1. Looking at 160, 169, 142, 199, which one is assigned to a helix (DSSP H, G or I) and either modelled with pLDDT under 90 or surrounded by fewer than 16 Cβ atoms within 10 Å (Cβ to Cβ) (or both)?
2. Take the residues of region 172-196 that are in a helix (DSSP H, G or I) and over 22 Å from residue 130 (Cα atoms): which is nearest to the chain's Cα centre (by Cα)?
3. Within the set of pairs 6+ apart or on separate chains, which have a first residue in region 158-179 that is without any contact (Cβ under 8 Å) to a residue 40 or more places away in the chain, a second that is in a loop (DSSP other than H, G, I, E, B), and C-beta atoms under 8 Å apart?
4. Of the residues 91, 130, only one is modelled with pLDDT of 95 or more and exposed (fewer than 13 other Cβ atoms within 10 Å of the Cβ); which?
5. Cβ-Cβ below 6 Å, separation at least six or inter-chain, first residue in region 65-90 and without any contact (Cβ under 8 Å) to a residue 12 or more places away in the chain, second surrounded by 14 or more Cβ atoms within 10 Å (Cβ to Cβ) and not in a loop (DSSP other than H, G, I, E, B): which pairs?
6. Could you check region 1-21 and list, in sequence order, the residues that are in a helix (DSSP H, G or I) and in contact with a strand residue (DSSP E or B) (Cβ under 7 Å, 6 or more places away or on another chain)?
7. What number of residues in region 105-120 are free of Cβ contacts under 8 Å to residues at least 40 places away in the same chain and surrounded by fewer than 16 Cβ atoms within 10 Å (Cβ to Cβ)?
8. Can you go through 99, 52 and tell me which one is closer than 14 Å to residue 4 by Cβ, surrounded by 18 or more Cβ atoms within 10 Å (Cβ to Cβ) and in contact with a strand residue (DSSP E or B) (Cβ under 8 Å, 6 or more places away or on another chain)?
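The values are calculated or read from the model by the stated rules, or taken from the named source; none is laboratory data. Source: prediction; values computed, not measured. Positions of Cβ are generated from backbone atoms using ideal geometry, with glycine treated the same way; all protein chains shown enter the neighbour counts.
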């Protein structure tokens, strides 16, 4: 669940934003603030993940309030929704780490796109204790040739899981069985075998039969050299 504060001095606009948010799943509006002081009060007394912030507030500029949020609540993200289209405000907001800047009037489609993008990024980091380059590239929306190829992956092959399997294989140059791979990736043996066989089918992996102590052959997988 994403916890959101709406910081907007026009209560009618704030109500519209709240209506938009109520139509998006897994979003909870913590409260609405009409000025900077109320915004900081809500931040101090509630769990908050995201602030929808206007630039022109009655007691201080949103860019000044943004500085206070970044300083005192570094875990909180900010989306600017404002009529301020001047370069000075946009640049100041971007430099202070806003995740989006929307110029009023905002459409429901653009609003939803911004919130869904935030939810995706928020979930990406929440699910991962350690990040690799693929996850970071996904966060920043970067697409290389490999990302484009991911669109053509067969059903049942997830690109992030596939990369995890590759990373495990890199760390085990002597090979790994489907059962061992399943244990390391936290999946069933059939799932692990599906990914290993896929890598073998596209030439990025290879499989060889190896005989154990009891003499029964076991299929071992490695990355292709």
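1. Criteria check complete, one pass: 160.
2. Filtering region 172-196 for residues in a helix (DSSP H, G or I) gives 178-185, 189-196.
Okay, now just the ones that are also over 22 Å from residue 130 (Cα atoms), so 178-179, 189-191, 193-194, 196.
Details: 178: 30, 179: 30, 189: 28, 190: 28, 191: 25, 193: 28, 194: 26, 196: 27 Å.
Within region 172-196, the match that is nearest to the chain's Cα centre (by Cα) is 191.
3. If the second residue must be in a loop (DSSP other than H, G, I, E, B), the pairs left are 159/153; 161/187; 162/153; 163/132; 167/132.
4. Criteria check complete, one pass: 91.
5. Matching pairs, first to second residue: 90/101.
6. 14, 17, 18, 21
7. 7
8. Within the list 99, 52, the selection yields 52.
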